[in-house]
Amino acid sequence: MAGRDFEEVLRRIRAGIQAGEFRITQHAQQEMVEENITLAELVEAIATGTILEDYPQHRRGPCCLLSGETARRRPLHVVCTTELPVVIVITAYEPRPPKWVTPFRRGEAK
């Protein structure tokens, strides 16, 4: 995220979520249902999350991948927009092998 302040981006995302100024895409809703992720868990993961990856050229506009934990220490990844007035949650999932070795490290490409 060259040129962008991680802390400021996180602050804006968290403020939008806390203020209820967010939307969840249909894809994110489907993933949340499939993985039994509640809205409360999504909010908890964003509140504790750190930015792992930046996607400045995403088709929905600049966004990032957050890695956070729920109150029960369940790791979750959330992809959301970073520069729109309303935060859009694009997807949410629990990071698992083989794609993720840990919540912070990708698996080996095959």
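Details
- Over the chain: helical MRE at 222 nm, DSSP H runs n ≥ 4 each giving -39500 (n - 2.57), nearest 500: -8500 deg cm²/dmol
- Pairwise Cα inverse-distance average, inverted: Kirkwood Rh of the chain (Å): 14.0
- Computed from the alpha carbon positions, the gyration tensor of segment 16-76 leads to an equivalent ellipsoid with semi-axes of 19, 15, 12 Å, biggest first.
- Between the alpha-carbon centres of segment 60-103 and segment 1-39 there is a gap of 7 Å.
- Highest-fluctuation residue, E41, E94, E53 considered, GNM on the chain with Cα pairs under 10 Å: E53
FYI, it's all coordinate maths here, none of it is from the lab. Quick caveat, the model's predicted, so the values are computed rather than measured.
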